[in-house]
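Colleague: Mind having a look at this structure? Questions to follow.
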Amino acid sequence: MTVGLISTDSFGRFTIPIMQGIEERLSDGGVAVFMCNATDDPAREARHVEQLLCKRVDGIIVTARRADRRPRLKCPGDIPVIYAFSHVGDPDACCVLPDDAGGAAMAVRHLAELGRERIAHITGPERFEAVALRRDGYRKALAEAGLAEPRGFYRPGVWSESWGRAAVAELFNSRRPPDAIFCGNDQIARGVADALRERGVRAPDDVALVGFDNWEIIAGATRPPLTSVDMNLVELGRETGTRMLNLIAGAQLAGVDRLPCSLVVRQSCGAKGAQAG
């Protein structure tokens, strides 16, 4: 009645809420959790796996600081393994991820419904899978709304406030700047908000703004408070725990499950505060 939980996240921004949901669900099922931090070190991860197997755990959950593809965990095939906020290329593996594309589409759809027509997307490095998925969701929602993507309105860069400020300078050099900006994370969005204010551009009156991650310490402190996509990571952890209990009981689970995000509406987009699924 024990499960090992291996994380490669030394910061904890994403894995702490996932761990919370996993532990809540497993403890409800009478299962204890051993937590291990591998810090992106394959040798350390292998030692953790060996130690967990010596403890005769009933399963192992692997999570990470970003939802990119990783190598499959090296352990006996009869031990149930789930990848949470992480995934592998093996179709027989069980992986649980947030729906990045769906969350992005939700954000852009919301902006379009508010009457915004020139929606830009400022985001992080293109080497991250989440960046590609959020870009695809952005473009899908624009197409569904019958809106064009003006040239230069998709701006990949880095995950930082400084990039948000720099991207605003680039976007507002054009004759027809955006009337809405969807950001790939909340740090970028906070930089965007600061840059707009410094230029005398009012948010949300002139430009509506939406972020991603719903990192409350940033979203609540942004001026105006930031509308943001929430990946519902605690619930993702609970769902992972439920799947692990089912695997331990003998169920056969495989493939990638992408769980829905929600939109937490604050003042930055110009709509009344609410939460949309």
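Colleague: Taking the stated definitions as given, is Arg155 more than 24 Å from Ala271 (Cα to Cα) and part of a strand (DSSP E or B)?
Modeller: The answer is yes for Arg155.
Colleague: Within region 28-35, identify whether any single residue is loosely packed, with under 15 Cβ neighbours inside 10 Å, under 20 Å from the mean Cα position of the chain (by Cα), in a loop (DSSP other than H, G, I, E, B) and at pLDDT 85 or above, and answer yes or no.
Modeller: For region 28-35, residues loosely packed, with under 15 Cβ neighbours inside 10 Å, under 20 Å from the mean Cα position of the chain (by Cα), in a loop (DSSP other than H, G, I, E, B) and at pLDDT 85 or above: absent.
Colleague: Out of all the residues in region 199-220, is one or more among the basic types (Lys, Arg), outside the structural domain of Ala67 (by TED's automatic domain parsing), assigned to a helix (DSSP H, G or I) and out of contact with any Pro (no Cβ under 7 Å at 6 or more places or on another chain)?
Modeller: no
Colleague: Could you check region 48-60 and list, in sequence order, the residues that are part of a helix (DSSP H, G or I) and touching a strand residue (DSSP E or B) at 6+ places or on another chain (Cβ under 9 Å)?
Modeller: Once the filter is applied, which keeps residues that are part of a helix (DSSP H, G or I) and touching a strand residue (DSSP E or B) at 6+ places or on another chain (Cβ under 9 Å), region 48-60 yields His48, Val49, Gln51, Leu52, Leu53.
Colleague: Check every one of the strands (runs of 3 or more DSSP E) wholly within region 61-143 and list those with 2 or more residues that are touching a residue at least 40 places away in the same chain (Cβ under 8 Å) and either in contact with a Ser or Thr (Cβ under 8 Å, 6 or more places away or on another chain) or surrounded by fewer than 18 Cβ atoms within 10 Å (Cβ to Cβ) (or both). Walk me through how you get there before you give the answer.
Modeller: Values: elements: 81-84, 94-98, 119-123.
In region 61-143, the matching strands (runs of 3 or more DSSP E) lie at 81-84, 94-98.
Colleague: So in region 226-247, with the set limited to residues that are under 19 Å from His121 (Cα atoms) and touching a Ser or Thr at 6+ places or on another chain (Cβ under 7 Å), which one is surrounded by the most Cβ atoms within 10 Å (Cβ to Cβ)?
Modeller: So the residue we want is Leu226.
Colleague: Now for a separate question. Would you tally the residues in region 158-198 being within 19 Å of the chain's Cα centre (by Cα), part of a loop (DSSP other than H, G, I, E, B) and without any contact (Cβ under 8 Å) to a residue 60 or more places away in the chain?
Modeller: Residues flagged as within 19 Å of the chain's Cα centre (by Cα), part of a loop (DSSP other than H, G, I, E, B) and without any contact (Cβ under 8 Å) to a residue 60 or more places away in the chain within region 158-198 amount to 3.
Colleague: Still on this model: Among the residues of region 83-130, write down those that are β-branched (Val, Ile, Thr) and modelled with pLDDT under 95.
Modeller: The answer is Val88, and nothing else.
Colleague: What's the total number of residues in region 194-237 that are among the small types (Gly, Ala, Ser) and closer than 17 Å to Arg116 by Cα?
Modeller: The number of residues fulfilling the criteria is 4.
The values are calculated or read from the model by the stated rules, or taken from the named source; none is laboratory data. For clarity, every value in this text was computed on a predicted model and none was experimentally measured. So basically every Cβ, Gly included, is an ideal-geometry build from the backbone, and we count neighbours across all protein chains shown.
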